[in-house]
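The values are calculated or read from the model by the stated rules, or taken from the named source; none is laboratory data. These numbers were taken from a predicted model, which means no experiment stands behind them. As a convention, Cβ positions derive from the backbone with ideal geometry for all residues, glycine included, and neighbour counts pool all protein chains shown. The area values use the complete protein model at the heavy-atom level, side chains included, leaving out ligands, DNA and RNA. Shrake-Rupley method; radii C 1.70, N 1.55, O 1.52, S 1.80 Å.
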Amino acid sequence: MVKYKKVMNRGINMFNEMKIAFYVTGGIASYKSVSLMRELMKLGAEVRVSMTPSATKFISPLTFQVLSKQTVHVDTFSEDDPKYVQHIHHADWAELSIIAPATANTIAKIANGTADNFVTSALLATTTPIFVVPAMNEHMYEHPATQTNIEILKKRGVYIMEPATGFLAEGYSGKGRFPDSTVILDEIEGFIINQSDNLPLQGKKIIVTAGGTKERIDPVRYISNDSSGKMGHAIAEAAMKKGAEVTLVTASELAVHSQIKKVKVESAQEMYEVVDANFDNINVLIMAAAVSDYTPVKQENQKMKKTEQLSIELKKTKDILKEMGQKKTHQLLVGFAAETENIEEYALKKLTEKNVDFIVANDVSKKDRGFHSNKNEVVIYSKQDDPVLISLSDKSKIAERIIELVVEQLG
Ligand SMILES: Cc1cc2nc3c(=O)[nH]c(=O)nc-3n(C[C@H](O)[C@H](O)[C@H](O)COP(=O)(O)O)c2cc1C
């Protein structure tokens, strides 16, 4: 095992000002690495690219140069700055090395310590963590030689991503594709989190609920509400980035970061069952879901036919927050109060009646915030401290602040 440096964990904006040495090798997927590099830059990373001579047959260094606004290194011996040996300087400058795509050939070379071009020489010299995105024909990937080289690298502490399965350049389906940029970015974030050893929520298990539940009337109709799930999903991500093991119990269709365990539910009853079954083993429950208060007494098996008048009898659903408040032993409970009037009064009532530690109260009557919006303004009430106002800001910022309060409370 090589002792690699650790990447500094920057919290929510994980790539902000991160110095990334980005290595491109000669695979057909090298054109896809342009978007990956752009995404990293959009997230605030400083990216410097180097390429193998084979990679330049697929894509021009000029493309990377223009987009990264940095010199792209290909030739080990074009030493145009006497102050530095370029491949060593490139390796020393970086905090993180990414090889995307990584050919079978380059994987073999770095497994064996070959240093015969700029990329392999810099990779032998680097002390940064190395993240590899292999992309190749399925048979090349599954070949025992490639698999042995991958194993050697993994044992050395190099992170090797699983390629995606799908349509390959050869015209048939197989395992070997370059994954989508979002999947790669999620996995890099997970890699950075896992190699950090000073995150405040490491070892903590958190359940976050999100979205508006749906209560079925018949197979095609339901009662629901305007909650998008954005707040809950942002909280889950903020907790994950602080090192927590997060389960997101969501009624929303929004995408979920691959490092978060997603449990998709539909009704209030389903959400209750998942939360209840896992409650004893968690440290924190954050109920950001808008759980329906009522559900139809009877659910029709067939689509209901039109009638002159229709009455649907409703019954109360389980109050998940209240039930967990009664059950709680060591768990920290965070509830939400989405109100249109008397916000403070209702929030304080919830705090005591439901035995929760924090109530995040928001006014959902305003158009520029709350349901569906990316922004919100909330006041966080607790039994022990003065209310904390978080004025109108992105839900990711609010999520970060809520998680900071959770961290403080857990001590
Ligand atoms: C059209 C074409 C596509 C290729 N695609 C891949 C690929 O996706 N993955 C791979 O490992 N090798 C691929 N190769 C083979 C590599 O280019 C070859 O092994 C080369 O020596 C890799 O050099 P490098 O590792 O120094 O970049 C391809 C070759 C050609 C001609």
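Of the conditions (1) under 26 Å from the mean Cα position of the chain (by Cα); (2) among the β-branched types (Val, Ile, Thr); (3) within 16 Å of the ligand (Cβ to nearest atom); (4) surrounded by fewer than 20 Cβ atoms within 10 Å (Cβ to Cβ), Val133 satisfies every one except a single condition; which number is it?
(4)
Search region 26-53 for residues being within 16 Å of the ligand (Cβ to nearest atom) and exposed (fewer than 15 other Cβ atoms within 10 Å of the Cβ), and hand back the single one that is farthest from the chain's Cα centre (by Cα).
Pro53
Looking at the structure I just gave you, is Thr71 over 30 Å from the mean Cα position of the chain (by Cα), in the same structural domain as Gln147 (by TED's automatic domain parsing), assigned to a loop (DSSP other than H, G, I, E, B) and within 16 Å of the ligand (Cβ to nearest atom)?
Spelling it out, it is not the case that Thr71 is over 30 Å from the mean Cα position of the chain (by Cα), in the same structural domain as Gln147 (by TED's automatic domain parsing), assigned to a loop (DSSP other than H, G, I, E, B) and within 16 Å of the ligand (Cβ to nearest atom).
Among the residues of region 81-107, count how many are assigned to a helix (DSSP H, G or I) and more than 16 Å from the ligand (Cβ to nearest atom).
Matching residues across region 81-107 total 7.
For region 364-397, name all the residues that are modelled with pLDDT under 80 and open to solvent by less than 30 Å² (accessible area, probe 1.4 Å).
Residues satisfying the conditions are Gly370, Ser373.
Of all residues being assigned to a helix (DSSP H, G or I) and of a type in the set (Gly, Ala, Ser) in region 265-289, which is farthest from Leu201 (Cα to Cα)? Just the residue, please.
Ala268
Would you confirm whether any residue within region 97-107 is surrounded by fewer than 22 Cβ atoms within 10 Å (Cβ to Cβ) and over 15 Å from Gly27 (Cβ atoms)?
No, that holds for no residue.
Test Glu142 against the stated conditions and say whether it is surrounded by fewer than 21 Cβ atoms within 10 Å (Cβ to Cβ) and either under 28 Å from the mean Cα position of the chain (by Cα) or not assigned by TED's automatic domain parsing to the domain that holds Phe77 (or both).
Judged against the criteria, Glu142 is not a match.
Among the residues in region 303-320, are any farther than 21 Å from Val291 by Cα, open to solvent by less than 70 Å² (accessible area, probe 1.4 Å) and either basic (Lys, Arg) or modelled with pLDDT of 90 or more (or both)?
The answer is yes, given that some residue of region 303-320 is farther than 21 Å from Val291 by Cα, open to solvent by less than 70 Å² (accessible area, probe 1.4 Å) and either basic (Lys, Arg) or modelled with pLDDT of 90 or more (or both).
Looking only at region 155-182, count every residue that is of a type in the set (Phe, Trp, Tyr) and part of a loop (DSSP other than H, G, I, E, B) and tell me the total.
Of the residues in region 155-182, 2 are of a type in the set (Phe, Trp, Tyr) and part of a loop (DSSP other than H, G, I, E, B).
Given Ile193, Ile184, which one is within 21 Å of Lys3 (Cβ to Cβ) and either aromatic (Phe, Trp, Tyr) or surrounded by 13 or more Cβ atoms within 10 Å (Cβ to Cβ) (or both)?
Ile193
Among the candidates Tyr346, Tyr294, which residue alone is among the aromatic types (Phe, Trp, Tyr) and either without any contact (Cβ under 8 Å) to a residue 12 or more places away in the chain or open to solvent by 100 Å² or more (accessible area, probe 1.4 Å) (or both)?
Tyr294
Residues in region 72-90: is at least one in contact with an Asp or Glu (Cβ under 8 Å, 6 or more places away or on another chain), free of Cβ contacts under 8 Å to residues at least 40 places away in the same chain and among the polar types (S, T, N, Q)?
Looking through region 72-90, at least one residue is in contact with an Asp or Glu (Cβ under 8 Å, 6 or more places away or on another chain), free of Cβ contacts under 8 Å to residues at least 40 places away in the same chain and among the polar types (S, T, N, Q).
Looking only at region 2-13, decide whether some residue is open to solvent by 20 Å² or more (accessible area, probe 1.4 Å) and not in a loop (DSSP other than H, G, I, E, B).
no
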